[in-house]
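The structure appears right after this line, and notes come after that.
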Amino acid sequence: MTLSKRSEHIAEHLFRTEYGKLIAAIVRIFGATHIQLAEDMVQETMISAISHWSVDGVPDNPGGWLMQVARRKVLNELKRDKMRQRHDWEQATIQYSEQDVSDVFLEGEIEDNQLRMIFTCCHPDLNVEAQIVLTLKTLCGFGVKEVANALLTTESTINKRLYRAKKSIRESNASFDIPQGIALKSRLETVCLTLYLLFNEGYNSSTSDTIIQKDLCLEAIRLTKLLVDRFEENKKVCALLSLMCFHTARFDARIDNKGAIVLFEDQDRKAWNKELIAVGMQYLKRSIHDKELSAYHIEANIAAEHCMAANFEATNWQHIHDLYTLLAKFKPNAIIQLNLAIINSKLEGIESSLEMLEQLAEHDELRNYHLLPASQGIFCMKLGRYEQAISYLDHAKSLGPSPTESKFISEKILESQQALGQDSRQ
């Protein structure tokens, strides 16, 4: 690998792992009124990193380098545009002098900043949708399309929510102190949902060339673990971490050695990480509480049921169906109904599932959701209805899946076309 390519690879990795930390640290220094400036300057810093590191090599402390450059860029921008206020300037130049930059980037301090920033983005002055949008876009480095995909809405809707959220937080200049008591509990729910969505985007990437963005998943796990350590009494957080562990344990089996998608039923369970499954089980046990049941508990139990099955055929589909039915009561949405329809094929047959999927196709939330026609196409292939399968798969491909998913769908279309050709020759 050339120096230039290596620097680009490292910069991309750092963008996923350090972007949110940098934003949090910069906003912590300069205040919430400059949240947009912090985001812009951190992005510029990432671009500068690729340029400088390709020539000079990667520094010993790349994270510290990014923090120092980002901070300087913000200071220069404040000077140039006369945006600074005296309080901002004094706080930035006295409290955080040059020799203190490395201390600002210490892992413990950054984790605290990250947590403060997440809770600040989840401010009660904003509605829940705005809280999630702001956190995913500003802290997690999501593009607008990624946020829209995560929330099953349009990019224009996300842009509007983002604009209103940033305007509101600028005008309120919300405190960066971690709330306590009732205020803490009211924000923790949205923080968990945001980390859940962060993990989901990493687990089923909607824009990346690879179906799994491990950096996003590991960052979500790191932050969730931080929440577990700080809020041990909250059983939902333990259940969420358990769920993440179960899914992460299957990383190596979800893609083949060429980076292609492997369907769940075809995965090599020997490649599942048994140690991580055991950790997931430990957190699931810690999450058990007689008076508390959440969607995270149910989803973790579903994932655990899959992990405990000796093979695909031995899966207790009735129990999983029952769990999904319960989950639909906690978070009634079209995606849960889609999963129920797919699981129904194991209980009542593929024909029954296809009927359910056809009804769901009229649902607004699923109208542009590529996994619905993709599922219909796969089911039709299993029934030997290849012309119908091609029609569904073509539709799925037209809905803009990720590059990896698009390749998978194309392969299934080709497979169906070849099957039709063989049938015509028989």
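The values are calculated or read from the model by the stated rules, or taken from the named source; none is laboratory data. Keep in mind that this is a model prediction, so the values were computed, not measured. All Cβ positions, even for glycine, are placed from backbone atoms using ideal geometry, and neighbour counts span all protein chains on display.
Just one of the listed residues (GLU358, GLU362, GLU299) is at negative phi and assigned by TED's automatic domain parsing to the domain that holds ASN257, and it is GLU299. State yes or no: is ALA300 closer than 23 Å to SER205 by Cβ and surrounded by 19 or more Cβ atoms within 10 Å (Cβ to Cβ)? Yes: the conditions hold for ALA300. Of all residues in region 48-68, those that are surrounded by fewer than 20 Cβ atoms within 10 Å (Cβ to Cβ) and assigned to a helix (DSSP H, G or I) total 11. Within region 339-387, the set of residues being closer than 22 Å to GLU415 by Cα and in contact with a His (Cβ under 6 Å, 6 or more places away or on another chain) comprises just one member, PRO373. Listed by position, the helices (runs of 4 or more DSSP H) enclosed by region 333-416 that each have at least 1 residues that are within 25 Å of ASP322 (Cα to Cα), polar (S, T, N, Q) and out of contact with any strand residue (DSSP E or B) (no Cβ under 7 Å at 6 or more places or on another chain) are 334-348, 350-360, 371-382. The condition of being surrounded by fewer than 17 Cβ atoms within 10 Å (Cβ to Cβ) and within 22 Å of ALA314 (Cα to Cα) holds for only one of GLU355, GLU362, GLU351, that being GLU351.
Within region 226-244, residues that are part of a loop (DSSP other than H, G, I, E, B) reach partners that are surrounded by fewer than 21 Cβ atoms within 10 Å (Cβ to Cβ) with beta carbons closer than 7 Å, at six or more positions or on different chains, in the pairs PHE231/LEU188; ASN234/LEU188. If I filter region 47-77 down to residues being among the aliphatic types (A, V, I, L, M) and farther than 28 Å from GLU171 by Cα, which single residue comes out as modelled with the highest pLDDT? The qualifying residue modelled with the highest pLDDT is LEU66.
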